[in-house]
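To keep things clear, I will list the structure first and then write my remarks on it.
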Amino acid sequence: NGAVAAAAAATDRLALTVLLDTTAAQEEGEDPTEEDDGFGTADMLSSYDTDQDGHLSLEELLAALEPEDDSDEGRADHAKITSQVKRTFQAADENQDKKLSEPEIQVFLDSFEEEEL
């Protein structure tokens, strides 16, 4: 059913957003339950740019997506999200330098929200 698939895709996108936001908040010592204005390019860089080069590599993004659940369902969800991150990263990397600049991070975020799993 298309409606069920669309609802599942929306749930998966929300789960990734919550995962990224919660992980970033915990790493920065913040309470991940507090509301904020969203997760933008500056948040992505400050949270995941581990080599501090001002860009995000695919490896830096994937490192943030380690599965927390070792169940079959958890591994399947992780595989779907990882695949989506890879596709979206490649599409957003406009100059094909294998890292995302701030404008490319925004394209990544916008595209990720639009893509259905």
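The values are calculated or read from the model by the stated rules, or taken from the named source; none is laboratory data. Since the structure is predicted, the reported quantities are computational estimates derived from the model, not experimental observations. When we count neighbours, we look across all protein chains shown, and the Cβ atoms used for this are built from the backbone with ideal geometry, even at glycine. Keep in mind that these areas ignore ligands, DNA and RNA; they rest on the heavy atoms of the full protein, side chains included. Shrake-Rupley method; radii C 1.70, N 1.55, O 1.52, S 1.80 Å.
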Next item on the list: Report yes if some residue within region 101-116 is surrounded by 14 or more Cβ atoms within 10 Å (Cβ to Cβ) and over 14 Å from the mean Cα position of the chain (by Cα); otherwise report no.
Entry: yes
Next item on the list: Go through (1) modelled with pLDDT of 85 or more; (2) in a loop (DSSP other than H, G, I, E, B) one by one and return the number of the condition GLN106 breaks.
Entry: (2)
Note to self: Suppose we keep only residues that are among the charged types (D, E, K, R) and open to solvent by less than 40 Å² (accessible area, probe 1.4 Å) within region 37-95. Which one would you say is nearest to PHE112 (Cα to Cα)?
What the structure shows: ASP93
